[in-house]
Amino acid sequence: MEALGHLAQGFAIVFTPTNLLFCFLGVLLGQAIGALPGIGPSAGIAILMPLTFGGDPIAATIMFAGIYYGAQYGGTITSVLVSIPGESSTVMTSIDGYQMARKGRAGAALGMAAIGSFVAGTLGTVGLMLAAPPLAQAALYFGPPEYFALVVMGLAALASVSSSVLKGLITGVTGLLLATIGVDPQMGDTRFTFGQIWLLDGIEFLVLAVAVFGVGEVLATLSQGDGPAPIITAIRNVWPTRKDFRACRLPILRGSVIGFLVGVLPGAGATIASFIAYAVEKKVSKHPERFGNGVIEAVAAPEAANNSASAGAMVPMFALGIPGSGTTAVMLGALIMFGLRPGPQLFQQHTEFIWAIIASMYIGNVMLLILNLPLAPLFAVLLRVPYAVLYPVILALCIIGVYSQSNSLDDLWLMVVFGVLGYFMKRYHFPAAPLILGLVLEPLFENALRQSLALSHGSLAIFVTRPISATLLAVTAAVILVPRAMRLVRSLRAALA
Amino acid sequence: MSWLTGERALALALAAIGLLFALEARELTYMDEFAPGAGFLPLWLGLILFALVVGFLITARKPKAEQDTLRRSERKVVAVTVGLVACVALIDWVGFASAIAAYILYLTRWVEGRRWGLSVGLAATTTLGLYLVFHLWLGVPLPMGPWGF
């Protein structure tokens, strides 16, 4: 009942012209960003962040959340029409969605994806509403060792779902290391400024996020070539048939539950959720052989999962202050820039903020359903915008966005350097999300580590003698070591056979 | 194929950063009574980063040969990056608006080979839009050129 009262308060805050406008802008931009190649929700949020400086944090966060889940809807359009996933989380959708488009059923695929996304997004938001407050309540009992273990687990989890765990850990530690530049938060010592006064403030999160997700992503997209993708079919009959609805009811529900549960896990996120949902549907289907040839359930389930996962990923970010994905790491950085510290205290000190965001997600999902059913053909037009025209505008936005943050040309030079680093990271499959997460979480990580060691008089045993931190560290070790051990066992068995 | 591929070079560059930070951290306080000092975490992070890269280099598989198409498109990446460097360098001299407009014109006309009309139009409208939003609406003090904008 208490949650419903808070939710009503949240709706009262969202139902103001400004907040509704920001919600609409967020989902509209998210939809566009999801559909456009070469720019993801992380870059979109990072580039737009300077526009919100000095503004209302609630309105800005409503917009950022809208971009995040709106991008999941938008990515579907490219997956279905041109078989190029706008987002990695829509890879599975492209398999059967594109086959449906080839059979002239692009409209039904997009329509069912929108309906599935709406149902899952709404159910995911209910899950967020129910799961986050008790988790935040439990986290009130966390001390420095538990927070240290949580950050370690968050970084390790994000690294473990990368193409290579070692590469993920390398970028995560690099992010932590870069964050130590500037003034030491506890003793006031200057660290690693190499005589440059402008480095006293450290490396701003926005500079790194825009450089890696914006400039680096543009350069990486250019390096892959940008031939025009032909749209193979017109979008007609967006409203699915009764038979389609019957076929998709359970897959949407299963996708929603899987998506939310996977999304809550640090590091897992929407992409893995959509993979699992697809695999589960294939497993339970009476006709698994049809999967891959244009089955509507194979579009509905992963779409439901990726939307539900984006709501689930906000649970650890809001309740613990530990983001589970690259985009939520960027959102966390945005909240910190607004002077808000996500975590259990946020639920106690800024109740209205949390519940306004949750309420806005219900409204945003309704907006997206309306935008997607009748207006899907309009968004498909975005696919005809040549990348050659798009990327100069994205780069100009990156430049002015970084400059406006601190009116400093030095930050622009940093953006160039990290943009090139981001390009090479993308090219050689070094994941960027742990880098950003490391930079964002380093202050919490370092304070927790130093406070813990001060409490224990320098003994590392404090991390393994307290049950919660010991459990978290054990889970971290398992996440890293178990898959490797299993691979080793398999290869040994194969060698002996 | 030589051992030093791009992937390994990137890993080695990150290892070098780790070593540099670890060496610099030795100048800072390691332990202050029982509490770690300012150099404690960076020293360990630098060493861990170095160790992770060594582990990666030992276990990394032999990379696949890169295709020619990647090499061709790399020229565009270099052109865009060189333009970006020139744009940032020019901002102080010619002002924000002129540098951004010149960069967009360079990208669309010369790097992408689009028509003059489209290139000039895109450069002008994007620059004007950014100037209106960031300078006039949000009040960001953009650097001005000798011609007053």
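The numbers here are math on the coordinates, done by the rules we state, and not lab data. Everything quoted here is computed from the prediction, not taken from an experiment. FYI the Cβ positions are ideal-geometry reconstructions off the backbone, even for glycines, and counts take in every protein chain you see.
I'd like to compare B:108-121, A:301-314, A:394-407: which one has the highest average count of other Cβ atoms within 10 Å, and what's the full order after that?
Working: B:108-121: 15.1, A:301-314: 35.9, A:394-407: 22.5.
So the peptides B:108-121, A:301-314, A:394-407, ranked by packing, come out A:301-314, A:394-407, B:108-121.
Can you tell me the dipole magnitude for segment B:68-137 around its Cα centre, using point charges on the Cβ only (Lys, Arg +1; Asp, Glu -1), in Debye to the nearest 20? Display every interim value, and only then the final one.
On the way: 7 positive and 4 negative charges, 59 e Å.
Once rounded to the nearest 20, the dipole reads 280 debye.
Just list whichever of A:Lys282/A:Lys426; A:Lys103/A:Lys283; A:Lys167/A:Lys426; A:Lys103/A:Lys286 have alpha carbons separated by over 20 Å in the model shown.
Exceeds cut-off: A:Lys282/A:Lys426; A:Lys103/A:Lys283; A:Lys103/A:Lys286.
When a/c is below 1.5 the answer is rounded, else prolate if a/b is larger than b/c, else oblate, so apply that to chain B with a ≥ b ≥ c taken from the square roots of the Cα gyration tensor eigenvalues.
Details: a/c = 3.95, a/b = 1.51, b/c = 2.62.
Cα axes put chain B in the oblate bin.
Alpha carbon centre of segment A:41-108 versus segment A:356-384: separation in Å?
If you average the Cα positions of each part, the centres end up 10 Å apart.
Give the span of segment B:68-137's Cα atoms along each principal axis, as three whole-Å numbers ordered largest to smallest.
Per principal axis, max minus min of the Cα coordinates gives 47, 26, 18 Å.
Once the Cβ-Cβ distance between B:Arg61 and A:Phe245 is put in as r, and R0 is 56 Å, what FRET efficiency do you end up with, to the nearest 0.05?
Details: r = 47 Å, r/R0 = 0.84.
Here the calculated transfer efficiency is 0.75.
List the aspartates and glutamates whose Cα sits under 12 Å from the Cα of B:Lys76, skipping any in the same chain fewer than 8 residues away.
A:Asp226, B:Glu112
Take every residue in peptide A:185-194, count the Cβ atoms of other chains within 10 Å of its Cβ, and give the average of those counts.
Values: counts 1, 5, 8, 1, 6, 2, 9, 7, 0, 2.
Counting other chains' Cβ atoms within 10 Å and averaging over A:185-194 gives 4.
Across peptide A:398-407, what mean number of C-beta atoms from other chains lies inside 10 Å of a residue's C-beta? If you can, show how the numbers build up before the last one.
Values: counts 1, 9, 11, 3, 1, 9, 9, 1, 0, 4.
Shielding by partners across A:398-407 averages 5.
For the peptides A:275-281, B:136-142, what is the packing order when you average, over each peptide's residues, the other Cβ atoms within 10 Å and list the highest mean first? Each step should come with its number before you reach the end.
Values: A:275-281: 22.4, B:136-142: 13.6.
In decreasing order of mean packing, A:275-281, B:136-142 become A:275-281, B:136-142.
Once a ≥ b ≥ c are taken as the square roots of the eigenvalues of the Cα gyration tensor of segment A:387-497, is the result rounded (a/c under 1.5), prolate (a/b larger than b/c) or oblate (a/b not larger than b/c)?
Working: a/c = 4.02, a/b = 1.40, b/c = 2.86.
Since a/c reaches 1.5 but b/c is at least a/b, the shape of segment A:387-497 is classed as oblate.
Given a Förster radius of 51 Å and the C-beta distance between A:Ile370 and A:Leu140 as r, what FRET efficiency does 1/(1 + (r/R0)^6) yield to the nearest 0.05?
Numbers: r = 39 Å, r/R0 = 0.77.
The value I calculate is 0.80.
Is the C-alpha gyration tensor of chain A telling us rounded, prolate or oblate? Criteria: a/c under 1.5 is rounded; beyond that, a/b larger than b/c is prolate, otherwise oblate.
On the way: a/c = 1.44, a/b = 1.33, b/c = 1.08.
Verdict is rounded for chain A.
What does a probe at A:Gln345 reach in segment A:145-168, counting residues whose amide N is under 20 Å from the point 7 Å along Cα→Cβ?
A:145-152
Roughly how crowded by other chains is peptide A:436-449, in terms of the mean Cβ count from those chains within 10 Å of each of its Cβ atoms?
Values: counts 0, 0, 1, 0, 0, 0, 2, 0, 0, 2, 6, 0, 0, 4.
That works out to 1 on average.
What does segment A:136-206 give for Rg and for Dmax, in Å, if only its C-alpha atoms count?
15.4, 45
For an R0 of 30 angstrom, estimate the FRET efficiency from the Cβ-Cβ distance between A:Ala12 and A:Ser406 and round to the nearest 0.05. Working shown, then result.
Values: r = 36 Å, r/R0 = 1.19.
My answer for the efficiency is 0.25.
May I ask you to order A:251-262, A:194-205 by the average number of other C-beta atoms within 10 Å around their residues, highest value first? Intermediate values should be presented prior to the final figure.
Values: A:251-262: 25.9, A:194-205: 14.4.
Going by the mean number of other Cβ atoms within 10 Å, highest first, we get A:251-262, A:194-205.
Expressed in nm to one decimal, what extension gain is obtained for the pair A:Ala497 and A:Val464 from 0.36 nm per residue of sequence separation less their Cα-Cα distance?
Numbers: separation 33, 0.36 × 33 = 11.88 nm, distance 3.98 nm.
Extending this stretch completely gives an extra 7.9 nm.
What full-extension length gain, to one decimal in nm, is calculated for A:His287 and A:Arg490 as 0.36 nm per residue of separation minus the Cα-Cα distance? Each step should come with its number before you reach the end.
Values: separation 203, 0.36 × 203 = 73.08 nm, distance 3.07 nm.
Length gained, A:His287 through A:Arg490: 70.0 nm.
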